[in-house]
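Okay, structure first, notes after.
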Amino acid sequence: MNGPTPRFETSEPVREHLLRSVLDEVVSVHRAFGNWLPLLGSIALGRAKGRPPALRMRVRRGPTLHAPGGDRSWWTAVECFGRDCYGLTTVDLPLAPAVVDIGANIGAFALAVLTARPQAQIAAYEPSPAALAMLRTNVAANDARAHVTVHHGAVTGPTQPDTVWLNEQVGDLCTSSVLDQGDAVGASTRRVEVPAIPLTAILSSYPHDIDLLKLDVEGAEYGIVEETPVELLAKVRHMVVEYHDVPGRDVRELANRLRTAGLVWERQEHSVLPGQGLAWWARPEGRR
């Protein structure tokens, strides 16, 4: 999630919102990173130049992450380590959980899981070639290759072809999507053909339960969950989904489908944008 700024009708709310946003960002960066002061300076300088800087973010008692210049992917590290936006401190995970990270971007979520559970085994899936390169860099730089397996591809439903076209967003890799974006496709978008990996194949590859599945696929979540058989979805103990505003779709569709797989909708956090946010599901203890 990238914390987009909403529009306001009057100048006073705009100033209030910008002030809150700046203060929140400062607090989150300070909370997350040991080198918070030079990071804030680099971020401020990058904004003044109109180009996000390349960053080296040293997490307090945790990994060091690198973010590419010219892209806003650094914000995912702030959300994972400064805000715990995925609620990793509250999810009941075993000491060595099996975790599937779909939409891994530069690796912030995977490394946050590994920080909380050093014995975790994480399968990380990322379609964007640019984000994938930084994901591999961050996994290698933190000696995490024994625990994080990186896969290149867009996770899809089982009816998709072997490859799909990804709209890779230059400058905001977090929002790259396989959905047809119509008029939104422009100079800041690269069309890249990438491998398609059905969620059915991922879930079927596990002979046991999956302790946590994170799904962030920029609007494609509805089709993926809808097409995946409920007996495979039932293998997931905890699931967190970043849902998006897609015409004709609603997060309640995900809830209804996952309920048939025995997953209970636990909570939801709204983004500043209508129809977008995070939602958590869990399988009641003792179901399997």
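The values are calculated or read from the model by the stated rules, or taken from the named source; none is laboratory data. Note that the coordinates shown come from a computational prediction; the quantities given were computed from them, not determined experimentally. Here the Cβ is made from the backbone with ideal geometry for all residues, glycine too, and neighbour counts use every protein chain on show. Side chains are part of the model used for accessible areas, which takes the heavy atoms of the whole protein and leaves out ligands, DNA and RNA. Shrake-Rupley method; radii C 1.70, N 1.55, O 1.52, S 1.80 Å.
Mean-square fluctuation check for the chain, GNM, Cα pairs under 10 Å: which of HIS208, HIS152, HIS30 is largest?
Residue with maximal mean-square fluctuation among HIS208, HIS152, HIS30: HIS208.
Indicate the gyration tensor shape class of the range 127-243 (rounded, prolate or oblate), computed on the Cα atoms with a ≥ b ≥ c the square roots of the eigenvalues: a/c under 1.5 is rounded; otherwise a/b larger than b/c is prolate and the rest oblate.
oblate
Over the chain, what percent of the accessible surface lies on carbon and sulfur atoms, probe 1.4 Å?
Here it works out to 54 percent.
When the helices in the chain are scored as -39500 (n - 2.57) per DSSP H run of 4 or longer and the sum is shared across all residues, what 222 nm value do you end up with, to the nearest 500 deg cm²/dmol?
-9000 deg cm²/dmol
Short version: ³J(HN,Hα) in whole Hz for each residue of the range 249-265, in order, from phi by Karplus 6.51 cos²θ - 1.76 cosθ + 1.60 (θ = phi - 60°), x for Gly and Pro, what are they?
Karplus-based 3J(HN,Hα) across the range 249-265 equals 10, 8, 4, 5, 4, 4, 4, 5, 5, 5, 5, 5, 8, x, 9, 9, 6 Hz.
Check GLY87: other-chain or 5+ apart residues with amide H under 5 Å from its amide H, H built from backbone geometry?
none
Efficiency by 1/(1 + (r/R0)^6): what FRET value for GLU253 and GLU231, r their Cβ-Cβ distance, R0 = 22 Å, to the nearest 0.05?
So the FRET efficiency works out to roughly 0.70.
What accessible area, in Å² to the nearest ten, does a 1.4 Å probe give for ARG51?
About 150 Å², ignoring ligands and nucleic acids.
Amide H of ASN35 versus every other amide H placed in the peptide plane: which residues, excluding those fewer than 5 positions away on the same chain, fall under 5 Å?
Hits under the 5 Å cutoff: ARG58.
Could you check which residue among SER73, SER42, SER177 shows the biggest mean-square fluctuation in a GNM of the chain with a 10 Å Cα cutoff?
For the chain, modelled as a Gaussian network with Cα springs under 10 Å, the answer is SER42.
Mind giving me the nanometre distance, one decimal, between the label points for THR137 and THR89, set 7 Å out from Cα along Cα→Cβ?
In this crude spin-label approximation the distance works out to 2.9 nm.
Please build a GNM for the chain, connecting alpha carbons under 10 Å apart, and tell me which residue among ARG145, ARG267, ARG191 fluctuates the most.
Most flexible of the set in this elastic network: ARG267.
Give the shape of the chain as rounded, prolate or oblate, defined through the alpha-carbon gyration tensor: a ≥ b ≥ c are the square roots of its eigenvalues, a/c under 1.5 means rounded, and otherwise the shape is prolate if a/b is larger than b/c and oblate if not.
rounded
Indicate the gyration tensor shape class of the range 75-117 (rounded, prolate or oblate), computed on the Cα atoms with a ≥ b ≥ c the square roots of the eigenvalues: a/c under 1.5 is rounded; otherwise a/b larger than b/c is prolate and the rest oblate.
oblate
Please arrange TRP36, TRP74 by accessible surface area, largest first, computed with a 1.4 Å probe and ligands excluded.
My answer, sorted largest first, is TRP36, TRP74.
Which ³J(HN,Hα) values, rounded to whole Hz and listed in residue order, are derived for the range 149-166 from phi using the Karplus coefficients 6.51, -1.76 and 1.60 in 6.51 cos²θ - 1.76 cosθ + 1.60 with θ = phi - 60°, glycine and proline given as x?
With coefficients 6.51, -1.76 and 1.60, one gets 9, 9, 10, 9, x, 9, 6, 9, x, x, 8, 6, x, 5, 10, 9, 9, 9 Hz.
As I understand it, the dipole of the chain uses +1 on the Cβ of Lys and Arg and -1 on the Cβ of Asp and Glu, about the Cα centre. Which of ILE106, HIS147, VAL164 lies farthest toward its positive end?
HIS147
What ³J(HN,Hα) values, in whole Hz, does the Karplus curve 6.51 cos²θ - 1.76 cosθ + 1.60 give for the range 200-213 when θ = phi - 60°, with x put for Gly and Pro?
After applying 6.51 cos²θ - 1.76 cosθ + 1.60, I find 4, 5, 5, 5, 5, 6, 9, x, 10, 5, 9, 6, 8, 10 Hz.
In percent, how large is the relative contact order of the chain, given Cα pairs closer than 8 Å and 6 or more residues apart?
14
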